[in-house]
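The values are calculated or read from the model by the stated rules, or taken from the named source; none is laboratory data. Remember, it's a predicted structure, so these values are computed and weren't measured experimentally. Neighbour counts run over all protein chains shown; Cβ positions are idealised from the backbone, glycine included. Each accessible area value is taken on the protein alone, full model and side chains, heavy atoms only, with ligands, DNA and RNA left out. Shrake-Rupley method; radii C 1.70, N 1.55, O 1.52, S 1.80 Å.
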Amino acid sequence: MDSKLRRTAILASMAVILLTSLLVLYSSWREGSGSENNGYGISSQSTPSQENQGGEEGGLAQQETGTDSEQSSGQIGDDLSAFLRDETFFDQEINPILEAARNQANRLSLVVTSVEKDLRIQIVDTEGQLVEGESFFVKLDGEDEYKDLDQDGVIYIGGLAAGEYYVELLPLEGYRVPVNETRVRVKDKVEYLAIDDISLLIKTEDEIDAEAEDSGVQDALEDADQTEIRELQATTGNTRVGIDVSKWNGEIDWDRVKNAGVEFAIVRAGYRGSVTGSLVEDPYFDANMKGAAASGVPTGVYFFTQAVNEVEAVEEASAVLDLVREYKIDYPIFIDTEGAGGNGRADGLDAETRTLVCEAFCRTIENAGYRAGVYASRNWYNENLDASRLEDYCIWLAEYRSVPIYQGYYQMWQYTSKGRIDGIQGNVDMNISYLGY
């Protein structure tokens, strides 16, 4: 065969091969055009059995049969439960949605506040809750490191110079920490303003040893005499008669209390633990506030203090302000300053420091738009406070005798801790208000 003939034969063979290939491709295209592709290489072709089932299954039917070639090809069709047979679907390493959710769940943030030459750093999760049980470290201005020693999610740093600081949460396995540092200003002096996010520090009694922490002692009992009046007094002129209550009074029937002649109630919002210093909500606070409101009994609030400085007093006032924000407050918000059995963290304060604590509490309350007051016994006012510096606030005196012998000025008088009133089981504190409302 000469070269010309050989070249012609080769070209003819190539043409046949090309034509055959085109026919194969065209045939494949025709077979695939009968189904809709969902963009992921998975066919959603309907079967006659699906089309004939009508609305009994909402127009959708799970395909339970198919040829071996269809099942082996990876085409799942309208089988809505097919993902359950995919062993890799829930693999967090390759499922971007689940991986993102896991990362978000472990993401941490910092809440940093300053009252006076200090920083309180709170480590919170995506729901704004303190993360407990971990030994977190923070670095201040890229140098000094501080550890959450008690693993409560809070790191307190005191004795700082006023100015700007940068706080960095150091990496911890299993968590995603903020990429950027948190910038914060350390205050030079107390500004007597409510602390944001103080709610993170308020505990319930389920979280503490309430028997050890709630150890306040009524100092007025030591000064009581045989003339103490134990019945609800009659009102005269601008006076009003009322009670003060806490968890120690248990469940109260407020309708019966109102019908018995009670005209106001001072309700305990909470206390600072006398051992650890935790801020604790009284377990009956909400029930008492709602019960009194429903029965038409005007209310005020008090908080038992164990603050040892102005910073802690601002914290206590902030806690009360957070707790009362849902309620109408008619009477003052009081700081209750008395002993805690001799072993309380604030029992040893001198009169100057204790007076500063009361002033800081009251100023913070009044800066928030409420009227503030101080509760103490006659002896406490005389010996443990500079009462003359507190007379701008409502003075609530505890003195258990028929006629008080306290020489200072007061607007409310707690005249007994052994009163009895319909609607309350056991003893209850009774008071006379001279506030005129």
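So, VAL138, is that one more than 20 Å from the chain's Cα centre (by Cα), surrounded by 17 or more Cβ atoms within 10 Å (Cβ to Cβ) and touching a residue at least 60 places away in the same chain (Cβ under 8 Å) or not?
Criteria not met by VAL138.
Right, GLU164: assigned to a loop (DSSP other than H, G, I, E, B) and at pLDDT 95 or above or not?
no
Please specify each residue of the range 257-296 satisfying the condition of being open to solvent by less than 10 Å² (accessible area, probe 1.4 Å), over 30 Å from VAL357 (Cα atoms) and not in a helix (DSSP H, G or I).
Across the range 257-296, the qualifying residue is only VAL262.
Looking at LYS187, LYS139, LYS203, LYS147, which is the one that is of a type in the set (Lys, Arg) and over 26 Å from ALA319 (Cα atoms)?
Going through LYS187, LYS139, LYS203, LYS147 in turn, the sole match is LYS139.
Return the residues of the range 146-170 that are open to solvent by less than 40 Å² (accessible area, probe 1.4 Å) and over 16 Å from GLU132 (Cβ atoms); say none if nothing qualifies.
Matches in the range 146-170: ILE157, LEU160, GLY163, TYR165, VAL167, LEU170.
Could you please tell me which pairs satisfy a Cβ distance under 6 Å, a separation of 6+ or placement on different chains, a first residue in the range 358-384 that is among the charged types (D, E, K, R), and a second residue that is at pLDDT below 95?
ARG378/ASP223
Which number in (1) among the charged types (D, E, K, R); (2) surrounded by fewer than 18 Cβ atoms within 10 Å (Cβ to Cβ); (3) over 30 Å from GLY342 (Cα atoms) marks the one condition that ASP118 misses?
(3)
Has the range 240-247 got any residue that is in contact with a Lys or Arg (Cβ under 9 Å, 6 or more places away or on another chain), assigned to a loop (DSSP other than H, G, I, E, B) and more than 23 Å from LEU435 (Cβ to Cβ)?
Taking every residue of the range 240-247 in turn, none turns out to be in contact with a Lys or Arg (Cβ under 9 Å, 6 or more places away or on another chain), assigned to a loop (DSSP other than H, G, I, E, B) and more than 23 Å from LEU435 (Cβ to Cβ).
Among the residues of the range 171-194 satisfying the criterion of being aliphatic (A, V, I, L, M) and surrounded by 12 or more Cβ atoms within 10 Å (Cβ to Cβ), which is nearest to PHE136 (Cα to Cα)?
LEU172
Could you tell me which residue of the range 219-238 is farthest from the chain's Cα centre (by Cα), considering only residues that are surrounded by fewer than 16 Cβ atoms within 10 Å (Cβ to Cβ) and in contact (Cβ under 8 Å) with a residue 60 or more places away in the chain?
Restricting attention to the range 219-238, the residues satisfying the condition of being surrounded by fewer than 16 Cβ atoms within 10 Å (Cβ to Cβ) are 221-222, 225-227, 230-231, 234-238.
Keeping just the survivors that are in contact (Cβ under 8 Å) with a residue 60 or more places away in the chain gives 221-222, 225, 227, 230-231, 238.
Numbers: LEU221: 37, GLU222: 39, ASP225: 45, THR227: 46, ARG230: 40, GLU231: 41, ASN238: 41 Å.
If we take residues in the range 219-238 being surrounded by fewer than 16 Cβ atoms within 10 Å (Cβ to Cβ) and in contact (Cβ under 8 Å) with a residue 60 or more places away in the chain, then THR227 is farthest from the chain's Cα centre (by Cα).
Restricting attention to the range 297-322, report how many residues are farther than 23 Å from GLN411 by Cβ, open to solvent by 10 Å² or more (accessible area, probe 1.4 Å) and among the aliphatic types (A, V, I, L, M).
The number of residues fulfilling the criteria is 2.
Here is a list of conditions, (1) assigned to a loop (DSSP other than H, G, I, E, B); (2) touching a residue at least 24 places away in the same chain (Cβ under 8 Å); (3) not aliphatic (A, V, I, L, M), and GLU132 meets all of them except one; can you say which number that is?
Here GLU132 meets the rest and fails (2).
Which is under 21 Å from ARG325 (Cβ atoms) and either touching a His at 6+ places or on another chain (Cβ under 6 Å) or modelled with pLDDT under 95 (or both), of ASP223, ASP197?
ASP197
Condition test on ILE155, is it in a strand (DSSP E or B), aliphatic (A, V, I, L, M) and over 30 Å from GLU383 (Cα atoms)?
For ILE155, the condition - in a strand (DSSP E or B), aliphatic (A, V, I, L, M) and over 30 Å from GLU383 (Cα atoms) - is met.
This table checks each residue for (1) of a type in the set (A, V, I, L, M); (2) more than 34 Å from the chain's Cα centre (by Cα).
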{"position": "SER388", "(1), (2)": "no, yes"}
{"position": "TYR393", "(1), (2)": "no, no"}
{"position": "TYR409", "(1), (2)": "no, yes"}
{"position": "ILE421", "(1), (2)": "yes, yes"}
{"position": "GLN425", "(1), (2)": "no, no"}
{"position": "VAL428", "(1), (2)": "yes, no"}
{"position": "SER433", "(1), (2)": "no, yes"}
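Which one is nearest to PRO283 (Cα to Cα) among residues in the range 239-250 that are surrounded by 15 or more Cβ atoms within 10 Å (Cβ to Cβ) and among the hydrophobic types (A, V, I, L, M, F, W, C)?
Among those residues, the one meeting the criterion is VAL245.
Restricting the search to the range 196-206, which residues are touching a residue at least 60 places away in the same chain (Cβ under 8 Å) and not aliphatic (A, V, I, L, M)? Full working, then the answer.
Filtering the range 196-206 down to residues touching a residue at least 60 places away in the same chain (Cβ under 8 Å) leaves 196-205.
If the condition is that a residue be touching a residue at least 60 places away in the same chain (Cβ under 8 Å) and not aliphatic (A, V, I, L, M), then ASP196, ASP197, SER199, LYS203, THR204, GLU205 are the ones that fit.
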